[in-house]
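The values are calculated or read from the model by the stated rules, or taken from the named source; none is laboratory data. Small disclaimer: the values here were computed from a predicted structure and weren't measured. As a convention, Cβ positions derive from the backbone with ideal geometry for all residues, glycine included, and neighbour counts pool all protein chains shown. To get the accessible areas, we keep the full protein, side chains included, count just its heavy atoms, and leave off ligands, DNA and RNA. Shrake-Rupley method; radii C 1.70, N 1.55, O 1.52, S 1.80 Å.
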Amino acid sequence: MTNEGVIICQNFQHDLTKAVSQCAHDQVYILTDETTHELCLPLLSNISVLSDAKHIVINSGDVHKNLETLANVWQTLSDGGATRHSLLICLGGGMVTDLGGFAASTFKRGIPYINIPTTLLAMVDAAVGGKTAINFNGLKNEVGVFQPAIKVLLETEFLRTLDSYNLFSGYAEMLKHGLISNHDILNELLSFNTADIDYIRLKQLVAQSVSVKEGIVEKDPREQNIRKALNLGHTVGHAFESLAMKRHRPVLHGYAVAWGLVCELYLSHINVQFPRDVMRRVIYFIHDNYGTFPFTCDDYEQLYNYMTHDKKNQGDTINFTLLNDVGELRLNQTASQSLIYEMFDFYRECMGL
Ligand code: GLY
(Lines give C-alpha, C1' and ligand atoms only; values in the text may rest on other atoms or scores of the structure.)
Protein backbone atom coordinates (compact mmCIF):
# COMPACT_ATOMS: atom_id res chain seq x y z
CA MET A 1 0.00 0.00 0.00
CA THR A 2 1.62 3.27 -1.08
CA ASN A 3 1.27 6.45 0.94
CA GLU A 4 -0.81 9.30 -0.36
CA GLY A 5 0.68 12.74 -0.85
CA VAL A 6 -1.15 15.42 1.11
CA ILE A 7 -0.83 18.88 -0.41
CA ILE A 8 -1.73 22.02 1.51
CA CYS A 9 -2.80 24.15 -1.44
CA GLN A 10 -1.22 27.56 -1.95
CA ASN A 11 -2.74 27.91 -5.41
CA PHE A 12 -5.57 25.42 -5.79
CA GLN A 13 -5.91 25.46 -9.57
CA HIS A 14 -2.17 25.13 -10.09
CA ASP A 15 -1.82 22.39 -7.46
CA LEU A 16 -4.71 20.39 -8.89
CA THR A 17 -3.42 20.77 -12.47
CA LYS A 18 -0.06 19.46 -11.32
CA ALA A 19 -1.59 16.52 -9.40
CA VAL A 20 -3.75 15.48 -12.36
CA SER A 21 -0.86 15.87 -14.84
CA GLN A 22 1.45 13.77 -12.69
CA CYS A 23 -0.95 10.85 -12.81
CA ALA A 24 -0.92 9.31 -16.30
CA HIS A 25 -4.56 8.77 -17.27
CA ASP A 26 -6.86 8.25 -20.23
CA GLN A 27 -10.03 9.78 -18.77
CA VAL A 28 -10.94 11.81 -15.71
CA TYR A 29 -14.16 11.46 -13.71
CA ILE A 30 -15.19 13.97 -11.06
CA LEU A 31 -17.44 12.67 -8.29
CA THR A 32 -19.52 15.19 -6.34
CA ASP A 33 -22.70 15.12 -4.30
CA GLU A 34 -25.57 17.53 -5.00
CA THR A 35 -24.11 20.07 -2.57
CA THR A 36 -20.51 20.10 -3.76
CA HIS A 37 -21.70 19.90 -7.38
CA GLU A 38 -23.38 23.24 -6.88
CA LEU A 39 -21.01 24.97 -4.45
CA CYS A 40 -17.51 23.57 -5.10
CA LEU A 41 -17.37 22.23 -8.65
CA PRO A 42 -17.36 25.77 -10.16
CA LEU A 43 -13.87 26.21 -8.65
CA LEU A 44 -12.65 23.47 -11.02
CA SER A 45 -14.32 24.88 -14.13
CA ASN A 46 -11.30 26.78 -15.52
CA ILE A 47 -8.81 23.97 -15.12
CA SER A 48 -7.84 22.93 -18.65
CA VAL A 49 -6.68 19.39 -17.75
CA LEU A 50 -10.23 18.78 -16.54
CA SER A 51 -12.05 20.23 -19.55
CA ASP A 52 -13.02 16.75 -20.83
CA ALA A 53 -13.74 15.32 -17.39
CA LYS A 54 -16.99 13.40 -16.97
CA HIS A 55 -19.18 14.18 -13.99
CA ILE A 56 -20.83 11.81 -11.54
CA VAL A 57 -23.25 13.38 -9.08
CA ILE A 58 -24.63 11.40 -6.13
CA ASN A 59 -27.22 12.28 -3.49
CA SER A 60 -25.93 14.13 -0.43
CA GLY A 61 -26.01 12.64 3.06
CA ASP A 62 -24.70 9.63 4.93
CA VAL A 63 -27.91 7.64 4.23
CA HIS A 64 -26.80 7.51 0.60
CA LYS A 65 -23.37 6.08 1.42
CA ASN A 66 -24.69 2.70 0.40
CA LEU A 67 -24.45 -0.12 -2.11
CA GLU A 68 -26.97 1.44 -4.49
CA THR A 69 -25.00 4.68 -4.78
CA LEU A 70 -21.76 2.74 -5.11
CA ALA A 71 -23.27 0.63 -7.91
CA ASN A 72 -24.36 3.82 -9.68
CA VAL A 73 -20.79 5.11 -9.60
CA TRP A 74 -19.43 1.80 -10.93
CA GLN A 75 -22.16 1.86 -13.62
CA THR A 76 -21.21 5.35 -14.79
CA LEU A 77 -17.53 4.44 -14.91
CA SER A 78 -18.29 1.26 -16.83
CA ASP A 79 -20.74 2.92 -19.27
CA GLY A 80 -18.23 5.72 -19.84
CA GLY A 81 -15.57 3.22 -20.86
CA ALA A 82 -13.31 3.90 -17.87
CA THR A 83 -10.20 1.74 -17.83
CA ARG A 84 -7.66 0.87 -15.19
CA HIS A 85 -5.85 4.05 -16.29
CA SER A 86 -8.79 6.35 -15.63
CA LEU A 87 -8.62 8.79 -12.73
CA LEU A 88 -11.41 9.57 -10.26
CA ILE A 89 -11.44 12.88 -8.39
CA CYS A 90 -13.62 12.87 -5.25
CA LEU A 91 -14.78 16.38 -4.40
CA GLY A 92 -16.79 16.55 -1.19
CA GLY A 93 -17.08 15.70 2.47
CA GLY A 94 -16.32 12.35 4.06
CA MET A 95 -19.33 10.66 2.47
CA VAL A 96 -18.02 11.43 -1.04
CA THR A 97 -14.38 10.61 -0.28
CA ASP A 98 -15.26 7.35 1.56
CA LEU A 99 -17.63 6.09 -1.13
CA GLY A 100 -15.60 7.47 -4.04
CA GLY A 101 -12.40 5.99 -2.65
CA PHE A 102 -14.11 2.60 -2.35
CA ALA A 103 -15.55 2.83 -5.88
CA ALA A 104 -12.10 3.67 -7.28
CA SER A 105 -10.32 0.99 -5.25
CA THR A 106 -12.62 -1.75 -6.51
CA PHE A 107 -13.44 -0.72 -10.11
CA LYS A 108 -11.33 -2.95 -12.40
CA ARG A 109 -9.51 -4.00 -9.22
CA GLY A 110 -8.44 -0.45 -8.57
CA ILE A 111 -8.03 2.84 -10.37
CA PRO A 112 -6.19 5.90 -8.98
CA TYR A 113 -8.14 8.56 -7.15
CA ILE A 114 -7.52 12.05 -5.82
CA ASN A 115 -9.40 13.39 -2.79
CA ILE A 116 -10.39 17.03 -2.52
CA PRO A 117 -12.15 17.24 0.86
CA THR A 118 -14.47 20.20 1.26
CA THR A 119 -15.40 19.93 4.96
CA LEU A 120 -13.10 20.30 7.95
CA LEU A 121 -13.92 16.77 9.13
CA ALA A 122 -12.92 15.30 5.76
CA MET A 123 -9.78 17.46 5.58
CA VAL A 124 -8.37 16.42 8.94
CA ASP A 125 -9.72 12.88 9.04
CA ALA A 126 -11.91 11.09 6.49
CA ALA A 127 -10.06 11.96 3.28
CA VAL A 128 -6.60 11.25 4.70
CA GLY A 129 -5.26 7.83 5.61
CA GLY A 130 -6.72 5.48 3.02
CA LYS A 131 -9.85 4.24 4.79
CA THR A 132 -12.67 3.81 2.26
CA ALA A 133 -16.11 2.36 2.93
CA ILE A 134 -19.85 2.29 2.52
CA ASN A 135 -22.51 1.62 5.15
CA PHE A 136 -24.17 -1.80 4.86
CA ASN A 137 -26.79 -3.83 6.70
CA GLY A 138 -27.55 -0.87 9.00
CA LEU A 139 -23.91 -0.62 10.07
CA LYS A 140 -21.61 2.33 9.43
CA ASN A 141 -18.53 1.72 7.30
CA GLU A 142 -19.28 -2.00 7.28
CA VAL A 143 -17.69 -2.75 3.89
CA GLY A 144 -14.57 -1.07 2.59
CA VAL A 145 -10.87 -1.34 1.92
CA PHE A 146 -7.69 0.41 2.95
CA GLN A 147 -6.46 2.12 -0.22
CA PRO A 148 -4.96 5.62 -0.09
CA ALA A 149 -5.68 8.32 -2.63
CA ILE A 150 -2.70 9.14 -4.84
CA LYS A 151 -3.03 12.75 -3.67
CA VAL A 152 -5.16 14.64 -1.15
CA LEU A 153 -5.50 18.34 -1.89
CA LEU A 154 -6.39 20.50 1.09
CA GLU A 155 -7.94 23.78 -0.02
CA THR A 156 -8.94 25.48 3.21
CA GLU A 157 -10.73 28.28 1.30
CA PHE A 158 -13.68 25.86 1.16
CA LEU A 159 -13.98 26.31 4.93
CA ARG A 160 -14.99 29.95 4.63
CA THR A 161 -18.44 28.88 3.46
CA LEU A 162 -18.79 25.92 5.82
CA ASP A 163 -21.46 26.36 8.52
CA SER A 164 -20.23 26.52 12.10
CA TYR A 165 -21.90 23.23 13.05
CA ASN A 166 -19.78 21.38 10.48
CA LEU A 167 -16.73 23.45 11.35
CA PHE A 168 -16.92 22.42 15.02
CA SER A 169 -17.54 18.82 14.02
CA GLY A 170 -14.18 18.74 12.23
CA TYR A 171 -12.49 20.68 15.01
CA ALA A 172 -13.24 17.82 17.44
CA GLU A 173 -10.99 15.52 15.41
CA MET A 174 -8.31 18.23 15.58
CA LEU A 175 -8.64 18.29 19.37
CA LYS A 176 -8.19 14.53 19.33
CA HIS A 177 -5.02 14.93 17.24
CA GLY A 178 -3.81 17.53 19.76
CA LEU A 179 -4.42 15.15 22.67
CA ILE A 180 -2.49 12.31 21.03
CA SER A 181 0.44 14.51 19.93
CA ASN A 182 1.83 17.05 22.43
CA HIS A 183 1.00 19.87 24.88
CA ASP A 184 2.01 22.64 22.44
CA ILE A 185 -0.41 21.52 19.74
CA LEU A 186 -3.19 20.94 22.26
CA ASN A 187 -2.66 24.37 23.84
CA GLU A 188 -2.81 26.08 20.44
CA LEU A 189 -6.10 24.35 19.71
CA LEU A 190 -7.60 25.19 23.09
CA SER A 191 -6.66 28.85 22.79
CA PHE A 192 -7.98 29.27 19.21
CA ASN A 193 -10.70 31.92 19.13
CA THR A 194 -13.70 29.92 17.94
CA ALA A 195 -16.00 32.96 18.21
CA ASP A 196 -14.14 34.85 15.50
CA ILE A 197 -12.43 32.40 13.15
CA ASP A 198 -9.05 33.45 11.78
CA TYR A 199 -8.97 31.35 8.59
CA ILE A 200 -5.25 31.91 8.00
CA ARG A 201 -4.51 30.52 11.46
CA LEU A 202 -7.02 27.72 10.93
CA LYS A 203 -5.14 26.69 7.79
CA GLN A 204 -1.93 26.34 9.85
CA LEU A 205 -3.76 24.31 12.49
CA VAL A 206 -5.28 22.07 9.80
CA ALA A 207 -1.84 21.44 8.26
CA GLN A 208 -0.45 20.58 11.69
CA SER A 209 -3.38 18.33 12.49
CA VAL A 210 -3.13 16.42 9.23
CA SER A 211 0.58 15.87 9.76
CA VAL A 212 -0.22 14.28 13.16
CA LYS A 213 -2.57 11.85 11.41
CA GLU A 214 -0.17 11.18 8.53
CA GLY A 215 2.65 10.39 10.97
CA ILE A 216 0.50 7.76 12.65
CA VAL A 217 -0.93 6.24 9.45
CA GLU A 218 2.56 5.97 7.97
CA LYS A 219 3.63 3.80 10.92
CA ASP A 220 0.50 1.64 10.96
CA PRO A 221 -1.64 1.98 7.81
CA ARG A 222 -3.92 -0.97 8.64
CA GLU A 223 -4.67 -0.16 12.27
CA GLN A 224 -2.88 -3.08 13.83
CA ASN A 225 -1.30 -0.97 16.50
CA ILE A 226 -0.63 2.76 16.89
CA ARG A 227 -3.37 3.84 14.46
CA LYS A 228 -5.78 2.83 17.23
CA ALA A 229 -4.73 6.15 18.82
CA LEU A 230 -7.03 7.80 16.28
CA ASN A 231 -9.95 6.06 18.01
CA LEU A 232 -9.59 8.20 21.13
CA GLY A 233 -13.07 9.49 22.04
CA HIS A 234 -14.71 7.22 19.46
CA THR A 235 -15.72 4.22 21.60
CA VAL A 236 -18.11 6.36 23.65
CA GLY A 237 -18.65 8.79 20.77
CA HIS A 238 -20.08 6.06 18.52
CA ALA A 239 -22.47 5.02 21.32
CA PHE A 240 -23.75 8.62 21.58
CA GLU A 241 -24.12 8.72 17.80
CA SER A 242 -26.12 5.48 17.80
CA LEU A 243 -28.40 6.65 20.62
CA ALA A 244 -28.97 9.97 18.83
CA MET A 245 -29.84 8.05 15.66
CA LYS A 246 -32.28 5.81 17.56
CA ARG A 247 -33.99 8.95 18.89
CA HIS A 248 -34.25 10.24 15.29
CA ARG A 249 -32.18 13.26 16.30
CA PRO A 250 -28.82 12.48 14.68
CA VAL A 251 -25.76 14.48 15.70
CA LEU A 252 -22.72 15.26 13.60
CA HIS A 253 -19.88 12.79 14.08
CA GLY A 254 -17.45 15.33 15.53
CA TYR A 255 -19.90 16.40 18.23
CA ALA A 256 -20.25 12.80 19.37
CA VAL A 257 -16.45 12.49 19.36
CA ALA A 258 -16.10 15.67 21.46
CA TRP A 259 -18.54 14.30 24.07
CA GLY A 260 -16.77 10.93 23.81
CA LEU A 261 -13.48 12.68 24.59
CA VAL A 262 -14.96 14.03 27.84
CA CYS A 263 -15.79 10.46 28.90
CA GLU A 264 -12.58 8.85 27.74
CA LEU A 265 -10.41 11.52 29.39
CA TYR A 266 -12.20 10.69 32.61
CA LEU A 267 -11.37 6.99 32.12
CA SER A 268 -7.79 8.03 31.30
CA HIS A 269 -7.65 10.04 34.52
CA ILE A 270 -9.05 7.25 36.70
CA ASN A 271 -7.26 4.31 35.10
CA VAL A 272 -3.93 5.70 33.93
CA GLN A 273 -3.57 9.05 35.79
CA PHE A 274 -4.16 11.50 32.94
CA PRO A 275 -3.57 14.95 34.57
CA ARG A 276 -6.72 16.44 36.08
CA ASP A 277 -5.92 20.05 35.07
CA VAL A 278 -5.57 19.18 31.37
CA MET A 279 -8.74 17.10 31.51
CA ARG A 280 -10.57 20.10 33.01
CA ARG A 281 -9.35 22.50 30.31
CA VAL A 282 -10.43 20.19 27.51
CA ILE A 283 -13.82 19.60 29.15
CA TYR A 284 -14.44 23.36 29.55
CA PHE A 285 -13.61 23.88 25.88
CA ILE A 286 -15.98 21.12 24.81
CA HIS A 287 -18.73 22.27 27.17
CA ASP A 288 -18.47 25.85 25.86
CA ASN A 289 -18.30 25.00 22.16
CA TYR A 290 -20.30 21.79 21.75
CA GLY A 291 -22.99 21.98 24.39
CA THR A 292 -23.94 18.58 25.69
CA PHE A 293 -25.55 15.31 24.69
CA PRO A 294 -28.58 14.77 26.94
CA PHE A 295 -29.15 11.42 28.59
CA THR A 296 -30.23 10.02 31.95
CA CYS A 297 -29.30 6.95 33.98
CA ASP A 298 -32.10 5.12 32.15
CA ASP A 299 -29.91 5.28 29.01
CA TYR A 300 -26.77 3.79 30.57
CA GLU A 301 -27.57 0.20 29.66
CA GLN A 302 -28.36 1.10 26.06
CA LEU A 303 -25.16 3.15 25.73
CA TYR A 304 -23.17 0.31 27.31
CA ASN A 305 -24.70 -2.19 24.86
CA TYR A 306 -23.79 0.01 21.91
CA MET A 307 -20.22 0.10 23.20
CA THR A 308 -20.04 -3.69 23.48
CA HIS A 309 -20.97 -3.92 19.78
CA ASP A 310 -18.26 -1.51 18.63
CA LYS A 311 -16.36 -3.09 15.76
CA LYS A 312 -13.00 -2.25 17.38
CA ASN A 313 -13.65 -4.74 20.20
CA GLN A 314 -12.18 -8.19 20.34
CA GLY A 315 -14.52 -10.65 22.01
CA ASP A 316 -16.77 -9.22 24.71
CA THR A 317 -14.43 -6.60 26.16
CA ILE A 318 -14.83 -2.95 25.21
CA ASN A 319 -11.63 -1.59 23.74
CA PHE A 320 -10.49 1.95 24.55
CA THR A 321 -7.51 4.05 23.57
CA LEU A 322 -6.53 6.02 26.69
CA LEU A 323 -3.79 8.51 27.56
CA ASN A 324 -1.63 8.78 30.64
CA ASP A 325 -0.64 12.27 29.51
CA VAL A 326 -0.98 14.33 26.35
CA GLY A 327 0.79 12.32 23.62
CA GLU A 328 1.31 9.30 25.88
CA LEU A 329 -0.82 6.55 24.46
CA ARG A 330 -2.22 3.52 26.23
CA LEU A 331 -3.74 1.28 23.57
CA ASN A 332 -6.08 -1.69 24.09
CA GLN A 333 -7.42 -0.60 27.50
CA THR A 334 -10.58 -1.97 29.04
CA ALA A 335 -12.95 -0.77 31.78
CA SER A 336 -15.50 -2.56 33.95
CA GLN A 337 -19.20 -1.90 33.56
CA SER A 338 -19.31 -0.15 36.93
CA LEU A 339 -16.50 2.21 35.91
CA ILE A 340 -18.26 2.94 32.63
CA TYR A 341 -21.46 3.80 34.53
CA GLU A 342 -19.39 6.01 36.88
CA MET A 343 -17.98 7.69 33.76
CA PHE A 344 -21.53 8.48 32.59
CA ASP A 345 -22.27 9.96 36.05
CA PHE A 346 -19.17 12.12 35.74
CA TYR A 347 -20.15 13.27 32.23
CA ARG A 348 -23.63 14.27 33.35
CA GLU A 349 -22.32 16.13 36.35
CA CYS A 350 -19.59 18.11 34.61
CA MET A 351 -21.69 18.83 31.51
CA GLY A 352 -24.51 20.19 33.67
CA LEU A 353 -27.11 17.44 33.14
N1 GLY B 1 -10.71 8.00 11.43
C2 GLY B 1 -9.74 7.22 12.06
C3 GLY B 1 -8.73 6.66 11.14
O4 GLY B 1 -8.60 7.12 10.01
O5 GLY B 1 -8.07 5.75 11.50
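Some notes on this structure:
- Accessible area of segment 277-353 belonging to carbon and sulfur atoms, whole % at 1.4 Å probe: 43
- Carbon + sulfur, % of accessible area of segment 158-209 - ligands and nucleic acids excluded, 1.4 Å: 48
- Of the whole protein surface, residue 286 contributes about 0 Å² of accessible area at a 1.4 Å probe radius.
- Taking Cα atoms only, the orientation of helix 276-290 departs from the longest principal axis of the chain by about 60 degrees.
- For segment 51-66, 3J(HN,Hα) computed residue by residue from phi via the Karplus equation (6.51, -1.76, 1.60; θ = phi - 60°) reads 5, 9, 4, 9, 10, 10, 10, 10, 5, 7, x, 4, 5, 9, 7, 10 Hz, glycine and proline entered as x.
- Accessible solvent surface per residue of segment 21-114, calculated while the other protein chains remain in place, 1.4 angstrom probe, Å²: 45
- The chain - Kirkwood radius from inverse mean 1/r over Cα pairs (Å): 20.8
- Each label point was placed 7 Å from the Cα along the Cα-to-Cβ direction; for residue 46 and residue 304 their separation is 6.1 nm.
- Cross-link partners of residue 203 among aspartates and glutamates (Cα-Cα below 12 Å; sequence separation of 8 or more within a chain): 155, 157
- Hz values of 3J(HN,Hα) by residue in segment 118-128 - Karplus curve (6.51, -1.76, 1.60), Gly and Pro given as x: 10, 10, 5, 4, 5, 5, 8, 9, 4, 7, 10
- On Cα atoms only, tilt of 164-181 relative to the major axis of the chain in degrees: 70
- 0 to 90° range, to nearest 10: angle between helix 94-106 axis and the chain longest Cα axis: 60
- Rule-of-thumb Rg ratio for segment 255-353 [Cα; 2.2 N^0.38 Å; N residues]: 1.03
- Links that overshoot a 23 Å alpha carbon limit, given the list 246/311; 131/312; 140/312; 18/176; 131/176; 108/219: 18/176; 108/219
- Among beta bridges from DSSP that stay inside the chain, the antiparallel ones total about 30%.
- The packing ranking, built from the mean of other Cβ atoms within 10 Å per residue, places the peptides 123-132, 239-248 in the order 123-132, 239-248, highest first.
- Computed over segment 202-349: relative contact order in percent, which uses C-alpha pairs under 8 Å that are six or more apart: 25
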